[in-house]
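Every number in this text was worked out from the coordinates using simple rules, so none of it is lab data. Note that the coordinates shown come from a computational prediction; the quantities given were computed from them, not determined experimentally. Don't worry about glycine lacking a Cβ; one is built from the backbone with ideal geometry, like all the others, and counts go over all protein chains shown.
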Amino acid sequence: MRRTARQTPPAIANGALRVIPLGGLGEIGRNMTVFEYGGKLLIVDCGVLFPEENHPGVDVILPDFSYLKDRWQDVVGLVLTHGHEDHIGGVPYLLKQRGDIPVISAKLTLAFLKTKLDEHRIKGKMVQVKEGDRRKFGPFDVEFLAVNHSIPDGLAVAIRTPAGLVLETGDFKMDQFPLDKRITDLAGFARLGEEGVDLFMPDSTNAEVPGFLAAEADLIPAIDNVMRTAPRRVVVSSFASHVHRIQQIIDSAHKYNRKIAFVGRSMVRNMTTARELGYLKIPRGMLVEAKELEKMPPTKAVLICTGSQGEPMAALARMASGDHQINLTEGDTVLLASSLVPGNESSIYRLINDLTKQGANVVHKGNAKVHVSGHASAGELVYCYNLVRPRNVMPVHGEYRHLKANA
């Protein structure tokens, strides 16, 4: 893709809708899109991109807010499609520009965001919605549709203006047997297709993957096998927001009479929130503190922590390097229950090597069926194209190869 000098766009034509991606195109992360109509702006998502090895000293990478300079008062709302960091991580920094922008999303997403805003000492103006709701924000008529993803409460967003109808899927897939029984609203997609979708903005992350994804439920045998056969402790690492996967781990650990403990600030915070809101079910007496778990027989212990992407300061990387209060020993099993995010390959392989040096048996996506993606594959995308029959398509969320494959 040739890079050209960024230019100020021409004045917007009367009655036209302008779509301005400020992140999430050509990269996995910092998703953010601005919709402009009638002098007003609606923002969808505001995530972060995590740094790579060539970004020393960088904590997170934000979308480029410069387009919004001197326009903050024109923003009528910020819609969040779901609660992953690459869609909500930049919100505190955005609200530091203007703190009273309405933040619109589903219950779990807003709850995850609130704990983040509390750390930044920002109150925020929250507007809770759910699938089936339809609300007006300035000139934007916004409808919310349920989508299935690797976190509960995912939403697709249909935006109507006099200029036309836009459907932005957010991150989604088409699991027909999701753990929470909340399927992607394909009937809603088809209904919008009948109305006439002028611009379709579908998730591109898995556009290179042929066919249809396996169901989340298909992972249960492999996870059960780890819990049943592990000779000592099981250490599970996952994204701190992957509530569905953590629920599978808890269910399997309970089946084989193991106790669990959460390790890592973001994991403890998010799972506490998810449990309080009823999205995570933990049998009574099963959850203990990590210090208490250390005193139990190793065959009864499951630690659930962060760091599946090899992040150097996360709990798992510190265990692997011997720089954590929890020491891994010969015979421990480490289960990496997450995807391999593009760009993180070298960090993850280094982590697997370090864990193996500590004597751990490492179970991961490459040697067992312990993860399935949260993003629609090529077959699912084609299915959606046939339902929606859009007049125009702008693939989003992905590196250039993913966008090209979606196109």
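Sort 148-159, 207-218 by packing, meaning the average of other beta carbons within 10 Å per residue, with the highest value first.
Result, highest mean first: 148-159, 207-218.
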Residue order, fewest to most beta carbons within 10 Å, for TYR256, TYR37: TYR256, TYR37
Non-local Lys pairs in the range 216-363, i.e. 8 or more apart or on different chains, that have alpha carbons under 19 Å apart: 7
Normalised convex hull volume, the range 325-404, alpha-carbon set, Å³ per residue: 126
GNM result for the chain, Cα springs below 10 Å: residue of PRO63, PRO221, PRO102 fluctuating most strongly: PRO221
Percent breakdown of C-alpha pair distances by 5 Å bin, ordered from the shortest bin, for the range 230-273: 5, 20, 33, 25, 13, 4, 0
Dimensionless Rg/Rh of the range 145-245 - Kirkwood Rh, Rg from C-alpha atoms: 1.10
Straight-distance crosslink candidates among lysines, where the alpha carbon sits under 30 Å from LYS404 and sequence neighbours closer than 8 are dropped: LYS173, LYS365, LYS369
Footprinting exposure proxy for ARG135, ARG258 (fewest neighbouring C-beta atoms within 10 Å first): ARG135, ARG258
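Let's test the formula: R0 of 30 Å, r as the Cβ-Cβ distance of ASN367 and LYS291. What FRET efficiency results, to the nearest 0.05?
Efficiency for this residue pair is about 0.45.
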Reach of LYS136 by Cα under 21 Å, taken over lysines that are not fewer than 8 positions away in the same chain: LYS40, LYS107, LYS125
Candidates ALA274, ALA187, ALA240, ranked by Gaussian network fluctuation over the chain, Cα under 10 Å, top entry: ALA187
Estimated distance in nm for a label pair at LYS69 and ALA16, the labels positioned 7 Å out from Cα along Cα-to-Cβ: 2.3
Rounded, prolate or oblate (a/c below 1.5 giving rounded, otherwise prolate when a/b exceeds b/c) for the range 216-363 by Cα gyration tensor: rounded
Rg followed by Dmax, in Å, when the range 1-92 is reduced to its Cα trace: 14.2, 46
Contact order normalised by residue count of the range 169-284, Cα under 8 Å, 6+ apart, percent: 23
Cα point-scatterer Debye curve for the chain, base-10 log of I(q)/I(0) at q = 0.08, 0.14 Å⁻¹: -0.43, -1.27
Along principal axes, Cα extents of the range 68-123, largest first, whole Å: 31, 22, 18
Semi-axis lengths (Å, descending) of the ellipsoid that matches the C-alpha gyration tensor of the range 196-254: 33, 13, 10
Shape call, the range 58-175: gyration tensor on alpha carbons, a/c limit 1.5: oblate
Protection proxy ranking of 83-91, 170-178, 121-129 - average other beta-carbon atoms within 10 Å, highest first: 83-91, 170-178, 121-129
GNM result for the chain, Cα springs below 10 Å: residue of ASP180, ASP203, ASP70 fluctuating most strongly: ASP70
Rg in Å to one decimal, and Dmax rounded to a whole Å, for the range 113-172 via C-alpha atoms: 13.8, 40
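May I ask you to sort THR299, THR273 by Cβ crowding, counting other Cβ atoms within 10 Å and putting the fewest first?
Listed from fewest to most nearby Cβ atoms, that is THR299, THR273.
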